[in-house]
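The values are calculated or read from the model by the stated rules, or taken from the named source; none is laboratory data. Here the structure is a predicted model, which is why all the values come from computation and not from measurement. Backbone-built Cβ (ideal geometry, glycine too); neighbour counts: all protein chains shown. Quick note on the areas: whole protein, heavy atoms, side chains included, nothing else; ligands and nucleic acids left out. Shrake-Rupley method; radii C 1.70, N 1.55, O 1.52, S 1.80 Å.
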Amino acid sequence: MQIIDVLKKYPASQTSLLEILLEIDRLKDNHYISKEEVHMISEYLGVRTSHVYSVLTFYTLLSTEPRGKHIIQVCKDIPCYVNDAFDVRKTLEKMLNMSVGQTSRDGLFTLEETACIGCCDEAPAMLIDLEPYTNLTRDKIERILASYREVTL
Amino acid sequence: MMNAMINNVSVEVEDGLTILEAARKYNINIPTLCHYPELHINSDCRICSVEIDGRKGLKTACSTPIKDGMNIITNSPRVLNARKTITELILANHDANCTACTRNLNCELQSLAKNLGIDINRFPSVLERKPLDLLNPSLVRNSNRCIKCGRCVDVCKNVQAMHVLETMHRGHEMTVGPAFDEPLNDQTCTFCGQCANVCPVGAIMEKDNTDVVWEKLHDPSVYVMVQIAPAVRVAIGETLDHENGLISNGKLVSALRHLGFDHIYDTNFTADLTIMEEGTELIDRIMNGGVLPMMTSCCPGWINFAEQRHPNIIDHISSCKSPQQMFGTLAKTYYADKSNIDSRDIYVVSVMPCTAKKYEATRKEFRSFYDIPDVDIVLTTRELSKMFRQMGVDFDLIKEEPFDNPFGITTGAAQLFGASGGVMEAALRTVYEIVNKKPLVDINFESVRGLQGIKEATVDLGGKEIKVAVSNGLANTKTLVEQIEAGTSPYTFIEIMACPGGCIGGGGQPYGTTNDVREARLASTYFIDEEMVCRKSHENEMILALYEDYLDEPNSEQAHHLLHTYYEARK
Ligand code: SF4
Ligand code: SF4
């Protein structure tokens, strides 16, 4: 689907902005909003690029830089932290051979941190493309990553 | 009315005040940082925190309404400690090299730190240096000094309806600037400088051109002439420990001579000339079915706004150059001719209340010869004040002297150009008398005076009532422009000034331009007008002589060639 088709699905009003951003992000394999897209959105909605950019950079769900096919978000808030027999972030960094904020060489994963994702009762937890994975263990993470790799292959 | 206690003093104030407003009524000082009169309260900085009996945590005085029976403490150790900590944290992320900043001793953050007694910062610097934006002729953005108060965002978005500046990212990574942190000249910025005027620190400032002016003043091979705009003289005194903002023409001329200018002229002269040209153009448009409403063209912030955002209404804008540019052209043509000086040896400096004028002077249309700008460089009121301080000019001791001629004799009408509604009033004084062939009974057009955003008046021209309007601030201007676009504008003539209050509230004026300050500058403006012997542009003898000698008559071919311009759509 073209960006313009996405835009046309929404009323040309400021209130559509976040939904449009999220939909474009979902639509693109590299999950980011480009400068051209910011300009197109701002023109369609009749708002300034500064406004689109401000909203876009406010939410950690969204990105102005190309990302991996799958976005892994690790909760960095207290319950996950204290429930943590092991360090989810470090484990992921090791398994993926990269640090938070980076994208794996094969373009498959981007690793990010996020504020609480509401899974405190089943901590530690992470999101992959907004799908929650809870009660994480080292093995479980290994299996989850493998399943994403398989689907892509 | 309600009763409350502040620092154990009982206060009685009207309903609906914030704690800050109530305290100020009783001369109880609560420090603030992000707060600015006339802008939105966003309680970002939390410097105005106070304790309220029975309420958990500290509350911000700027945003908390005072309630009956409240017991407020503004200076407890807890409050003072919080303020100090906040300020230290701000300073830890601020380029606090104060002596290398133009705002030294005139900076709201510096004064706050001093008043809170911060002699040493407990927090190490976490500043990550970013490059400066130096790419436009008007403004410099130095985000290393930005304290994220949000004032510039508010003024740009809400007062000017431009929305060039915004907050980006969040939490401790939050920054302020244009989208993608691009330079201002990649954005549709008008260079109005309102952001620079409200910035509490030196994070947005005019591009400082004082060095090049000093250099020219010390070069004996160059004739350095200066023109000074009407709004500068009613404000510059504020920066010079003068009893009020107004410095008399006589003292200004003498002080400018002290700095070493060879010739000292008055932009008011070409303001009178503008009235002759623009008034004649208006009459012509009315008589000959030209595009109406006609809109004024002397404000470069407005011209930028129109060219960038509303190019479809460009035909409505008068083709007259601004007074600054008319002066530049006359200096490099008429004056050079008459005095047999090569125009390349004349250096024209303008002193303007405006940062957009710096940009205006660089426009390619404003070059009469050799691709050299007619106005070589523009200084703001603040920069001139800096030069006076550098030279140690004492305004109490200085003598009065008149402006030089041929561009020194002016009228009260011209002085009005500094005020919103002033160009309209000056034009009406002239147009009325020319069309109706009789003197105006009352030459004061009170209805177009004052700080109101949009003002209207009705005038009888040749037996026909015409409606005129005046707007100041670009958000108000947008309203009038949209009427024209919709074909519903009831007006014949519209005056537009980009800055609130007109040039007296320009982006290059002294800091602390609040409505009270604007009112004082307006009062000085109308005072000067009243004091002038001649108060109508078409009665300025020197202007009439200039037409006789060089320009033929208003809107003649020669006048058109020298004094008019054109506009075009820009990105
Ligand atoms: S100069 Fe005017 S338009 Fe440009 S960023 Fe500042 S306030 Fe906005
Ligand atoms: S640039 Fe100045 S006015 Fe704007 S947020 Fe930063 S400190 Fe405040």
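Placing unit charges on the Cβ atoms only, positive for Lys and Arg and negative for Asp and Glu, gives chain B a dipole magnitude near 2220 debye about its Cα centre. A cut-off under 9 angstrom between Cβ atoms defines the neighbours of B:GLU166, and their net charge, with Lys, Arg +1 and Asp, Glu -1, is +2. I want the local charge near B:CYS156. Using Cβ-Cβ distances under 13 Å, sum +1 for each Lys or Arg and -1 for each Asp or Glu among the other residues. Residues close to B:CYS156 contribute a combined charge of +2. Share of carbon and sulfur in the accessible area of the range B:211-563 stands at 49%, probe radius 1.4 Å. Modelled spin labels at B:GLU557 and B:HIS172, positioned 7 Å past Cα toward Cβ, are 7.2 nm from each other.
For the pair B:ASP219 and B:ASN158, label points projected 7 Å from Cα toward Cβ lie 4.6 nm apart.
One Cα centroid belongs to the range B:105-155, the other to the range B:178-206; the line between them spans 14 Å. Compared with the dominant Cα axis of chain A, that is its longest principal axis, helix A:49-58 is turned about 10°. Short-range pairs are left out: with C-alpha atoms under 8 Å and at least six residues apart, the relative contact order of the range B:446-565 is 16 percent.
Contact-buried residues of the range A:29-51, at a threshold of 50 Å² lost accessible area versus the chain by itself: A:LYS35, A:ARG48, A:SER50 (1.4 Å probe; DNA, RNA and ligands ignored). Only DSSP H runs of four or more residues enter the estimate; each adds -39500 (n - 2.57), and after division by the residues of chain B the mean residue ellipticity at 222 nm equals -9500 deg cm²/dmol.
Restricting to DSSP loop positions (anything but H, G, I, E, B) with no more than 13 other Cβ atoms inside 10 Å of their own Cβ, which GluC sites (Glu not before Pro) remain in the range B:114-185? Intermediate results must be reported in sequence, preceding the final value.
Working: sites: B:GLU128, B:GLU166, B:GLU173; in loops: B:GLU128.
Sites meeting the loop and neighbour criteria: B:GLU128.
Measuring between their Cα centroids, the range B:223-245 and the range B:491-528 lie 14 Å from each other. In whole Å, what is the distance between the alpha-carbon centres of the range B:397-430 and the range B:1-46? For the range B:397-430 versus the range B:1-46, the Cα centre distance is 41 Å. Is the C-alpha gyration tensor of the range B:203-277 telling us rounded, prolate or oblate? Criteria: a/c under 1.5 is rounded; beyond that, a/b larger than b/c is prolate, otherwise oblate. Rounded is the answer for the range B:203-277, as its axis ratio a/c remains below 1.5.
Between A:GLN102 and B:GLN308, what FRET efficiency follows from the Cβ-Cβ distance if R0 is 30 Å, with the result rounded to 0.05? Please report the intermediate quantities before stating the final value.
Details: r = 39 Å, r/R0 = 1.31.
The formula returns an efficiency of 0.15 here.
Using the Cα gyration tensor of the range B:392-459, with a ≥ b ≥ c the square roots of its eigenvalues, what is the shape: rounded (a/c below 1.5), prolate (a/b larger than b/c) or oblate (neither)? Please list the in-between numbers first.
Details: a/c = 3.37, a/b = 1.69, b/c = 2.00.
Taking the square roots of the gyration eigenvalues as a ≥ b ≥ c, the range B:392-459 is oblate.
Each Lys or Arg adds one and each Asp or Glu takes one away; over the other residues whose Cβ falls under 14 Å from the Cβ of B:SER385, this sums to 0. Shape of the range B:244-283 from its Cα gyration tensor (a ≥ b ≥ c, root eigenvalues): rounded if a/c is under 1.5, otherwise prolate when a/b > b/c, or oblate? Taking the square roots of the gyration eigenvalues as a ≥ b ≥ c, the range B:244-283 is oblate. With both labels modelled 7 Å from their Cα along Cα-to-Cβ, the B:GLU365 to B:HIS242 distance reads 3.3 nm.
In Å², rounded to the nearest 100, what is the total accessible surface buried by chains A and B against each other with a 1.4 Å probe? Present the calculation step by step, with values, prior to reporting the outcome.
Working: alone 8990 and 23390 Å², together 31130 Å².
The summed interface area works out to 1300 Å².
Per 0.36 nm of contour for each residue apart, how much would the distance between B:VAL291 and B:ASN444 grow if the chain were fully extended, relative to their Cα-Cα spacing?
Details: separation 153, 0.36 × 153 = 55.08 nm, distance 2.76 nm.
Here the answer is 52.3 nm.
If the chain linking B:ALA100 and B:LEU132 were pulled fully straight, counting 0.36 nm for each residue of separation and taking away their Cα-Cα distance, it would gain 10.0 nm. Between the Cα long axis of helix B:381-391 and the first principal axis of chain B there is an angle of about 80°, rounded to the nearest 10.
Annotation note: trypsin sites (Lys or Arg not before Pro) in the range B:425-515 located in DSSP loop regions with a Cβ neighbour count of at most 12 within 10 Å are B:LYS437. Share of carbon and sulfur in the accessible area of the range A:70-152 stands at 48%, probe radius 1.4 Å.
Per residue, how many Å² of accessible area does chain B show with a 1.4 Å probe? Each step should come with its number before you reach the end.
Details: 22770 Å² over 571 residues.
On a per-residue basis, 40 Å².
A Förster radius of 25 Å, combined with the Cβ-Cβ distance separating B:LYS67 from B:SER111, puts the computed FRET efficiency at roughly 0.25. Seen against the Cα atoms of chain A and their longest principal axis, helix A:35-45 is set at about 50 degrees.
Shown for the range B:177-214: residues covered by the partner protein chains by 40 Å² or more of accessible area relative to the chain by itself (probe radius 1.4 Å), namely B:ALA179, B:PHE180.
The amide H of B:SER350, built 1.01 Å from its N in the peptide plane, has B:GLN227, B:ILE377, B:VAL378, B:LEU379 as neighbours under 5 Å, considering only residues 5 or more places off or on other chains.
Looking at the range A:50-142, which chymotrypsin sites (Phe, Trp or Tyr not before Pro) are DSSP coil and have at most 13 other C-beta atoms within 10 Å of their C-beta? Here the sparse-neighbourhood loop sites are A:TYR59, A:PHE86.
Return the subset of B:LYS438/B:LYS464; B:LYS25/B:LYS67; B:LYS157/B:LYS386; A:LYS76/B:LYS84 for which the Cα-Cα distance in this structure is over 19 Å, preserving the input order. Don't jump to the answer; show the numbers that get you there.
On the way: B:LYS438/B:LYS464 15 Å; B:LYS25/B:LYS67 15 Å; B:LYS157/B:LYS386 30 Å; A:LYS76/B:LYS84 30 Å.
Checking Cα-Cα distances, B:LYS157/B:LYS386; A:LYS76/B:LYS84 exceed 19 Å.
Counting only DSSP beta bridges with both residues in chain B, the antiparallel share comes to about 55 percent.
Per residue, the accessible area of chain A comes to 55 Å² when a 1.4 Å probe rolls over the protein heavy atoms.
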